[in-house]
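The values are calculated or read from the model by the stated rules, or taken from the named source; none is laboratory data. Because the structure is a prediction, the values reported are computed rather than measured. In this analysis, Cβ positions are derived from the backbone assuming ideal geometry, glycine residues included, and neighbour counts consider all displayed protein chains. Heads up: the accessible areas ignore ligands, DNA and RNA and are worked out on the full protein's heavy atoms, side chains in. Shrake-Rupley method; radii C 1.70, N 1.55, O 1.52, S 1.80 Å.
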Amino acid sequence: MQTECSAGAYEFPASCGRRVVARFDGGRMSSDGGVILVKQADDILGLSRRFAACFRDKRHPGFVEYRVEGLVRQRIMGLALGYEDLNDHDALRHDPVMGLVSGRLSGSRANCAALAGKSTLNRLERSGHKADRYCRIIADHEALAGLFVTLFMDQHDRAPARIILDVDATDDRIHGHQEGRAFHGYYGHNCYLPLYIFCGDHLLSATLRTADRDPGKEALADIRRIVEQIRSRWPRVRILVRGDSGFARDTLMTWCEDNHVDFLFGLAGNTRLYDRIASLSAEVRDEAATTGRAARGFASFDWITKDSWTRRRRVVAKAEWRHGNRYHRFIVTTLPQGMSDPRHLYEQIYCARGYGKPHQGMPDGSVLRQDLVPHHPGQPAPAVVLGRSLCPADRSAKTGPWPDQPGDGDLWHHTRTTAQNRDTCNAQRPSDCPVHAGHVPLSA
């Protein structure tokens, strides 16, 4: 039976003394009015314009209907609205609001829509290093990578005294037979393993990688590029690189030491390290058994591995016993003994990084499609990364001068939630743990 439809008006019961009428003759309409606010932000930041400047258009000008800047803005606005698939743009190209924010309400030719369809956008996203018959929009990948760092520095009126670069990799689960799929034993499924570098809430780098590669061995190239770009504009800024034990690689740490970059990395425990803090562990275990509550202690010592490190480095150990179980952790750092005691260094600086995953604590799907590398046209497109903070749960950061005493100029990290997630603090006694004390500065 065919559904009866009415193109006229439908009257609902009156409310508050007024008639309530639904009409269906509005013509071309859109449900995405919020994108106008996104356009205003884009106009202020100039993101679409600056992003489009990183491409070279080799198409014949006389036959070009959709300019690169318009294509870039259309794709960014679509992602902001949650339209991650290029197929969505076959409908969005006729949306009046999308046309409004893109500055095109109609095509210049009779047989062209106001905006580009999926095929044109696909040629933009598959832009390579040189032009070919099917792809004549060429991306300058070095300029694209540097743009995120430039945008970060442009947000500051003056150079901060210190900044923290948080580096981490996270899983992006895949289904089917995508190119480059690999099983990751830690996450327990096939995934990509993109590498992120953040400073506070600012995304500085996002690199799509397969899950069968070690992020610690590949992070050096991105960190070197970012540090060199930052120091070319802020030569006096002090930089701390922070990450988990996957980045405690001798090549990365040696480069940081040789280039006056501080680091703070987790360090995987082993028998030699556990033996090194055996006496501290016994004291903490006895305290926990006596009080019936979690107990922890800290130690700092110089350390070198048998064959993987080329020099001695400072290691901070946390010995913790809780419910009869051992929870020992180690970190390695260049920060000297006099700058911060071991407890402060571990609880208030290292734990401030939180989970370190851009999508942890976010609703499902917050890390969306990653169109960062070319993919086989017969396979589903890889995902596009949306930049999130490394500590999405209630984290804020601000930079400024670095006074001797904590103040408004310090770089702060809100660790009330994220540190509890990272360090397995005693949830029953948050007031006893310095990590849950609220805002804590980087320097004591």
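Solvent-accessible area assigned to carbon and sulfur over the stretch 182-291 amounts to 47 percent, based on a 1.4 Å probe. Direction-averaged projected area, Cα convex hull, the stretch 94-217: 12.5 nm², rounded to one decimal.
Summarising the overall dimensions of the stretch 29-75 from its C-alpha atoms, the Rg and Dmax are 12.9, 36 angstrom. Size descriptors for the stretch 163-215, from the alpha-carbon set: Rg then Dmax equal 12.2, 40 Å.
Which number comes out as Rg/Rh for the stretch 35-140 once both Rg and the Kirkwood Rh are worked out on C-alpha atoms? Using only Cα positions, Rg/Rh for the stretch 35-140 is 0.94. Residue-wise HN-Hα couplings along the stretch 250-266, as the Karplus relation 6.51 cos²θ - 1.76 cosθ + 1.60 with θ = phi - 60° gives them from phi, are 4, 5, 5, 5, 5, 4, 4, 5, 6, 10, 6, 10, 6, 9, 8, 10, x Hz; Gly and Pro carry x. Global dimensions of the stretch 196-344 from alpha-carbon coordinates: Rg and Dmax equal 17.6, 56 Å. Other residues with beta-carbon under 12 Å from the beta-carbon of Leu240 carry, at +1 per Lys or Arg and -1 per Asp or Glu, a net charge of +2. For the stretch 157-251, the percent of C-alpha pairs falling in each 5 Å distance bin, counted from 0 to the bin holding the largest distance, reads 3, 13, 21, 22, 15, 12, 7, 4, 3, 0. Ranked by the mean number of other Cβ atoms within 10 Å per residue, highest first, peptides 184-193, 161-170, 11-20 order as 161-170, 184-193, 11-20. Annotation: for a label point projected 7 angstrom from Cα along Cα→Cβ of Ser30, residues of the stretch 42-73 with backbone N closer than 16 Å are 42-43, 70-73. Shown in residue order for the stretch 148-153 are the 3J(HN,Hα) couplings computed by the Karplus curve 6.51 cos²θ - 1.76 cosθ + 1.60 at θ = phi - 60°: 5, 5, 4, 4, 5, 5 Hz (x for Gly and Pro).
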